Amino acid sequence: MKAQDIMARLQAKYPGEVEYLQAVQEVLESVEETYNQHPEFEKARIVERMVEPDRIFTFRVTWVDDSGEVRTNTGYRVQFNSAIGPYKGGLRFHRAVTPSMLKFLGFEQTFKNALTTLPMGGAKGGSDFDPVGKSNDEIMRFCQAFMYELWQCIGPDQDIPAGDVGVGGREIGYMYGMYKKLAREYNTGVLTGKGSTWGGSILRPEATGFGALYFAQNMLHKIGKDIKGLTLAISGFGNVAWGASKKAVELGAKVVAISGPDGVCAIPDGITPEMIDYMLEMRASNRNRVEDMATKFPGKAIFTPGKKAWSVKCDIALPCAFQNELSEDDAKELKANGCWCCCEVSNMGCQPGAIHFFQNNGVLFAPGKAVNAGGVATSGLEMTQNASHISWSGEEVDQKLHFIMKSIHEQCVKFGTRPDGSVDYVKGANVAGFMKVAQAMLEQGIV
Ligand code: GLU
């Protein structure tokens, strides 16, 4: 296989699907060499099959807003790959959602899920519904209307959605309520990220951020360092940024910045537990403004409009918001300010130019599909608990999450160690995930 030829074909077939093409290109470049050592993969055209989703459902979602106005959005579910288990992945509600965005996310999810050690295939879904400024009732009506179409496509052994940007515990609750009514089934395993009193796993809300910090610790230990006392710049203030901040503070690191679409809040003395709790309120308000933190904690959080978290001096950058949120210029600014490590927590948070800059300039870098896999891994643990009608304690879940993140790190080291002993985490994660899915597809024949 020649990555270039496959990319040329996909570009011609899906012009304009920039995020999807970017995600495929990154993986194909990393795996080309290893793949070509396996003629049996080439014979079964594994790559050509793996880059195409199994199927995509598209549906209209109509709902009524608080003023009585009828609104229409588009809903999607991309079932990308089921080689190693039922389809699994989140739902994203954001005004910029397109099939290209969900195809990139479903593709990434396939390899991420393979890395978790758990049997889950890859999927993603969502809608171009914009939660910003919506009331609680509007959110509920939209979630119900969305599930009215989605329920036929999903099931506990078939496809198990969860949250993502714009979808948290509240939305999962509203969607599950409607699913139950329509399917007349009380199998909570159909969705993950549920409330902890009705089948949700303890620690699922924290899991993506906690897992990211465990991964960072593994990376740092490998080079003889510790996270204690280091400064972290975090982008976003949503669920992932919240969990990451919580664990960072617990481990003795200092979070010196959080950000939003409106700008950045620098926090020179480090984020406090009160500020971390306030992030939850900021998110629930649906205002999508980080400036609210500076208003609530004057003098402690200093807001600068229009700036990113990457303008704040730090040791480690943790992108926790959205794809392509860190550009090559941002990478240069970070490095110039002394940053020496970037753990990508958002899916494809760094632009290709930023990744190349980090890798060529001695900045330790790990990709989202390894760093943020603790979220979906804990979803996998939630599925196990639901299927066996049991509930594990927070300690048990945390212990399993530790083990999973350690094993993801080991897979990256196994497949990504360079001749000089340093680790190319991008290559390691891509090759490890890819090989597992490719082998499963091969064993299951031409389907
Ligand atoms: N949306 C999250 C991710 O990007 C979690 C998915 C899940 O728990 O299924 O991995």
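The values are calculated or read from the model by the stated rules, or taken from the named source; none is laboratory data. Quantities reported herein were computed from a predicted structural model and do not represent experimental measurements. Positions of Cβ are generated from backbone atoms using ideal geometry, with glycine treated the same way; all protein chains shown enter the neighbour counts. The protein model used for the area step is the full one, side chains on, heavy atoms only, and it has no ligands, DNA or RNA in it. Shrake-Rupley method; radii C 1.70, N 1.55, O 1.52, S 1.80 Å.
Here residue 161 passes the criteria (1) in a helix (DSSP H, G or I); (2) within 12 Å of the ligand (Cβ to nearest atom) except the one numbered (1).
Just the residues that are touching a helix residue (DSSP H, G or I) at 6+ places or on another chain (Cβ under 9 Å), of a type outside the set (Gly, Ala, Ser) and under 25 Å from residue 211 (Cα atoms), please, taken from the stretch 257-273.
Of the residues in the stretch 257-273, the ones touching a helix residue (DSSP H, G or I) at 6+ places or on another chain (Cβ under 9 Å) are 257-260, 262-267, 270-273.
Restricting the remaining residues to those that are of a type outside the set (Gly, Ala, Ser) gives 258, 262, 264-265, 267, 271-273.
Correct list: 258, 264, 265, 267, 271, 272, 273.
Take the residues in the stretch 378-402 that are hydroxyl-bearing (Ser, Thr, Tyr), outside any helix (DSSP H, G or I) and more than 13 Å from residue 156 (Cα to Cα); name whichever of them is most open to solvent (accessible area, probe 1.4 Å). The extreme case among them is 391.
Of all residues in the stretch 171-203, those being in a helix (DSSP H, G or I) and either free of Cβ contacts under 8 Å to residues at least 40 places away in the same chain or closer than 13 Å to residue 160 by Cβ (or both) number 15.
Of 13, 2, all but one fail to be among the basic types (Lys, Arg) and without any contact (Cβ under 8 Å) to a residue 24 or more places away in the chain; the exception is 13. Just one of (1) more than 16 Å from the ligand (Cβ to nearest atom); (2) open to solvent by 40 Å² or more (accessible area, probe 1.4 Å); (3) more than 18 Å from residue 193 (Cβ to Cβ) fails for residue 151. It is (3). Taken over the stretch 298-307, the criterion of being open to solvent by 50 Å² or more (accessible area, probe 1.4 Å) and either in contact with a His (Cβ under 9 Å, 6 or more places away or on another chain) or not in a loop (DSSP other than H, G, I, E, B) (or both) is satisfied by 302, 304, 305.
Among the residues making up the stretch 1-20, those that are touching a Phe, Trp or Tyr at 6+ places or on another chain (Cβ under 7 Å) and either open to solvent by less than 30 Å² (accessible area, probe 1.4 Å) or closer than 14 Å to residue 47 by Cα (or both) are 1, 20.
Right, residue 229: out of contact with any Phe, Trp or Tyr (no Cβ under 6 Å at 6 or more places or on another chain), farther than 14 Å from residue 346 by Cα, within 16 Å of the ligand (Cβ to nearest atom) and not aliphatic (A, V, I, L, M) or not? It is false that residue 229 is out of contact with any Phe, Trp or Tyr (no Cβ under 6 Å at 6 or more places or on another chain), farther than 14 Å from residue 346 by Cα, within 16 Å of the ligand (Cβ to nearest atom) and not aliphatic (A, V, I, L, M).
Of all residues in the stretch 420-447, exactly one satisfies the criterion of being acidic (Asp, Glu), more than 22 Å from the chain's Cα centre (by Cα) and not in a helix (DSSP H, G or I), namely 420. Of the residues making up the stretch 349-364, those that are open to solvent by less than 10 Å² (accessible area, probe 1.4 Å) and either over 20 Å from residue 227 (Cβ atoms) or under 18 Å from the mean Cα position of the chain (by Cα) (or both) number 3.
Which of the helices (runs of 4 or more DSSP H) found entirely inside the stretch 22-140 contain at least 3 residues meeting this: surrounded by 24 or more Cβ atoms within 10 Å (Cβ to Cβ) and either touching a strand residue (DSSP E or B) at 6+ places or on another chain (Cβ under 7 Å) or at pLDDT 95 or above (or both)? Please lay out each step first, then the result.
Working: elements: 39-43, 46-50, 99-115.
In the stretch 22-140, 99-115 are the helices (runs of 4 or more DSSP H) which contain 3 or more residues that are surrounded by 24 or more Cβ atoms within 10 Å (Cβ to Cβ) and either touching a strand residue (DSSP E or B) at 6+ places or on another chain (Cβ under 7 Å) or at pLDDT 95 or above (or both).
Condition first: touching a helix residue (DSSP H, G or I) at 6+ places or on another chain (Cβ under 6 Å) and either within 14 Å of the ligand (Cβ to nearest atom) or of a type in the set (Val, Ile, Thr) (or both). Now tell me which residues in the stretch 69-78 satisfy that. Step through it out loud before you land on a result.
Taking the stretch 69-78 and keeping what is touching a helix residue (DSSP H, G or I) at 6+ places or on another chain (Cβ under 6 Å), we get 75-78.
Within the stretch 69-78, 77, 78 meet the criteria.
Candidates in the stretch 95-122 are the residues that are more than 11 Å from the ligand (Cβ to nearest atom) and of a type in the set (D, E, K, R); of these, the one that is farthest from residue 26 (Cα to Cα) is 95. Checked across the stretch 79-94, the condition of being among the basic types (Lys, Arg) and within 16 Å of the ligand (Cβ to nearest atom) holds for at least one residue.
Taking the stretch 308-322 as the range and being small (Gly, Ala, Ser) and part of a loop (DSSP other than H, G, I, E, B) as the test, only 321 passes.
Taking the stretch 323-340, which residues are surrounded by fewer than 20 Cβ atoms within 10 Å (Cβ to Cβ) and either of a type in the set (Gly, Ala, Ser) or not in a helix (DSSP H, G or I) (or both)?
Taking the stretch 323-340 as the starting set, the residues that turn out to be surrounded by fewer than 20 Cβ atoms within 10 Å (Cβ to Cβ) are 324, 327-329, 332-333, 335-338, 340.
324, 327, 336, 337, 338, 340 - these are the residues of the stretch 323-340 that are surrounded by fewer than 20 Cβ atoms within 10 Å (Cβ to Cβ) and either of a type in the set (Gly, Ala, Ser) or not in a helix (DSSP H, G or I) (or both).
Listed residues 229, 209, 189, 224; which is closer than 30 Å to residue 261 by Cβ and not hydroxyl-bearing (Ser, Thr, Tyr)? None of the others qualify; the one that does is 209.
Looking at this structure, is residue 370 in contact with a Leu (Cβ under 8 Å, 6 or more places away or on another chain) and either open to solvent by 60 Å² or more (accessible area, probe 1.4 Å) or more than 9 Å from the ligand (Cβ to nearest atom) (or both)? Spelling it out, residue 370 is indeed in contact with a Leu (Cβ under 8 Å, 6 or more places away or on another chain) and either open to solvent by 60 Å² or more (accessible area, probe 1.4 Å) or more than 9 Å from the ligand (Cβ to nearest atom) (or both).
Could you check, for the stretch 127-142, whether at least one of its residues is within 11 Å of the ligand (Cβ to nearest atom) and of a type outside the set (D, E, K, R)? First the steps, then the outcome.
Narrowing the stretch 127-142 to residues within 11 Å of the ligand (Cβ to nearest atom): none.
No, the stretch 127-142 contains no residue that is within 11 Å of the ligand (Cβ to nearest atom) and of a type outside the set (D, E, K, R).
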